[in-house]
Amino acid sequence: MESFLVDKKYEAIIIPTGTFLLLHKRSDSIDALKNFYNHLTTDGKLILDIFLQPNLTVDNTTTKTWELEDHIITLESKVVDVDVINQYTLSHHRYEKWTNGELSKTELERFPLRWYGIEEFKLILEKIGFKDIIISADYNYGEYPTKASQMVTFEATTNKQERV
């Protein structure tokens, strides 16, 4: 996202479900937002989801399970570092695939994730040049978030003035 470069403009750029937070270095995040702005047409729209990380406790472990027809997938996520100054967490993920009650595959993943405050992110978008920023919670248009568990969507336009 931060280094994408083509000689083309888009009417909309959509970054769903918190994917943007995977850019855990702040400089990469800012570069990506500038890149989005530069690749949008006049009155182009950026639609971007983020989520808050309300539990920033080291050693916090969660497990999710998905039961499929012929196997089970588990994801164990453990927060191993919280960098409050630079606003990111580092988790270790362990994916397991179980087939007929037997562990058939394991994958490990290092998972850094950045976080932003809602108003902080709005200010960043404004500084880059985005206008008419609408904040929505859980895909309810214009409904400002009231809980830390909600997905937060930012819709912002470029409103670039045509130059003659």
So, Gly117, is that one out of contact with any strand residue (DSSP E or B) (no Cβ under 8 Å at 6 or more places or on another chain) and closer than 19 Å to Tyr88 by Cα or not? yes
In region 32-55, anything surrounded by fewer than 15 Cβ atoms within 10 Å (Cβ to Cβ) and under 19 Å from the mean Cα position of the chain (by Cα) is listed as Lys34, Pro54, Asn55
Among the candidates Tyr95, Tyr88, single out the residue that is in contact (Cβ under 8 Å) with a residue 40 or more places away in the chain and outside the structural domain of Asn35 (by TED's automatic domain parsing). Tyr88
Cross-chain or 6+ apart pairs with Cβ under 7 Å, region 36-55 first and assigned by TED's automatic domain parsing to the domain that holds His24 and free of Cβ contacts under 8 Å to residues at least 40 places away in the same chain, then assigned to a strand (DSSP E or B) and aliphatic (A, V, I, L, M): Phe36/Ile13; Phe36/Leu46; His39/Ile13
Test set (1) in contact with a Lys or Arg (Cβ under 8 Å, 6 or more places away or on another chain); (2) touching a residue at least 12 places away in the same chain (Cβ under 8 Å); (3) surrounded by fewer than 16 Cβ atoms within 10 Å (Cβ to Cβ) - Leu103 fails condition number: (2)
Considering region 118-133 alone, what residues qualify as being of a type outside the set (D, E, K, R) and either modelled with pLDDT under 95 or within 14 Å of Thr158 (Cβ to Cβ) (or both)? Leu125, Ile128, Gly129, Phe130, Ile133
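The values are calculated or read from the model by the stated rules, or taken from the named source; none is laboratory data. Everything quoted here is computed from the prediction, not taken from an experiment. Heads up, the Cβs are rebuilt from the backbone with ideal geometry, glycines too, and the neighbour counts pull from every protein chain shown.
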